[in-house]
Amino acid sequence: MRSISYRARQRLGTGLKVLLILAAVVLLLVLIAIVYLGRYVVYTPDGAYLDFGRNTALPAATGGAGHAAPAPPESVEIEYADPNVSQQTAERIDGYYIDLSMLSDPDAVLQAIQELDGPCTVMIDLKAGNGSYYYSTQIDGAPLADVDVAKVDKILSTLKNRGFTMVARVKTFQDTAFALEHLRCGLAISGGALWVGDGCYWLDPGDETVVAYLKQIARELAGKGFKEIVFDDFYFPESGQIVYESEKSRTQLTADTATELLNFFASSNVTISFGNPTEGFPLPEGSHFYISDVAGSGVNHTVKRFAELTDPSAQLVFLTGSKDNRFDGYQLLRPILAQLVG
């Protein structure tokens, strides 16, 4: 067998070192590319794809994944009633709602408010499923929506100054921005990617950080004069793609979160209500279920779904532009800009 000279072995060793260094550099570049491209990955129920046109300017972290959300601003004051009073008195709701599409034309909304004869209930959407806020929020890192936020603020001050009963509605567990900044708070699929529903990432209804975040939102809105906060789409998605382990059912997890929110504000002047929920929540007198996208033919079926309510006629609030008389007898909010309702 022919032996390899010392010099040849030395050159071979040097070559192997160079190859190893090059391999390490290539691996590092691949990792950097994966991290960089990760911001452009969009996950859907059918898979994932790259979208280089999406906005990657995310809000600053508010505590890091797995950490508790920051405490509600100390400047926010909530009036507290007698702590021995466990139930609030239900008030009849009759008025209008302002959804996110209407806020794209805030001048028209302001004009419609000015034309109202007198104070009534007005509900306004203020937070979208992508996590953007439609008012000047003080929540750290919260992204603002691509609308004239200053004019939305003017809408809020007009409602308050004219004595309207103000109701705020916010998307609850749909919050892409917060999920991306607090990855452990998001619902995930196998492999760890965040699950997508209705084009948004969803938060874990049973996570303590998520609950603290919801309390923070409600306290801030209460400080702006809102007497009722509606947590919309208050349910745990039923998708089988979601990987989630808990001794409790998904319905029980959301019911527990509802109870915690209700208890937190129980002795305050703020009413906590829910939008389009699943059944099974402990809804006290004075709180409401806000139901949208129901035709007149579906009223009776909806009422039967919530048969456990003490008084469905007082606790169910339908959002509709329909004149169908099957809505008569229930509480109603109608679109303030009927021409913008699709």
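Under the condition of being surrounded by fewer than 22 Cβ atoms within 10 Å (Cβ to Cβ) and touching a residue at least 12 places away in the same chain (Cβ under 8 Å), which residue from the stretch 182-194 is farthest from residue 129 (Cα to Cα)? Let's see the steps before the verdict.
Filtering the stretch 182-194 for residues surrounded by fewer than 22 Cβ atoms within 10 Å (Cβ to Cβ) gives 183-184, 188-194.
Then keep just the ones that are touching a residue at least 12 places away in the same chain (Cβ under 8 Å); that gives 183-184, 188-190, 193-194.
Working: 183: 16, 184: 18, 188: 17, 189: 19, 190: 23, 193: 18, 194: 15 Å.
Applying the filter and picking the extreme gives 190.
Which residues, counting only those in the stretch 145-163, are of a type in the set (Asp, Glu) and surrounded by 15 or more Cβ atoms within 10 Å (Cβ to Cβ)? Please lay out each step first, then the result.
Start the filter on the stretch 145-163 by keeping residues that are of a type in the set (Asp, Glu), which leaves 146, 148, 153.
Matches in the stretch 145-163: 148, 153.
Going through the stretch 258-282 one residue at a time, which ones are of a type outside the set (Phe, Trp, Tyr), open to solvent by 20 Å² or more (accessible area, probe 1.4 Å) and over 12 Å from residue 229 (Cα atoms)? Write out each step before concluding.
So the first thing to find is which residues in the stretch 258-282 are of a type outside the set (Phe, Trp, Tyr), and the list is 258-263, 266-273, 275-280, 282.
Subsequent filtering for residues that are open to solvent by 20 Å² or more (accessible area, probe 1.4 Å) retains 259-260, 262-263, 266-267, 269, 276, 278-280, 282.
Selection gives 259, 260, 263, 266, 267, 276, 278, 279, 280, 282.
Of the conditions (1) crowded, with 17+ Cβ neighbours inside 10 Å; (2) outside any helix (DSSP H, G or I), residue 322 satisfies every one except a single condition; which number is it? Of everything listed in (1) crowded, with 17+ Cβ neighbours inside 10 Å; (2) outside any helix (DSSP H, G or I), residue 322 misses just condition (1).
The single condition among (1) surrounded by fewer than 23 Cβ atoms within 10 Å (Cβ to Cβ); (2) at negative phi; (3) touching a residue at least 12 places away in the same chain (Cβ under 8 Å); (4) not in a strand (DSSP E or B) that residue 179 does not meet is (1). Annotation: of all residues in the stretch 296-318 being open to solvent by less than 20 Å² (accessible area, probe 1.4 Å) and β-branched (Val, Ile, Thr), the one that is farthest from residue 282 (Cα to Cα) is 299.
The values are calculated or read from the model by the stated rules, or taken from the named source; none is laboratory data. Given the structure is predicted, the values throughout are model-derived calculations rather than measurements. A quick note on method: Cβ atoms are made from the backbone with ideal geometry, for glycine too, and the neighbour counts reach across all protein chains shown. Heads up: the accessible areas ignore ligands, DNA and RNA and are worked out on the full protein's heavy atoms, side chains in. Shrake-Rupley method; radii C 1.70, N 1.55, O 1.52, S 1.80 Å.
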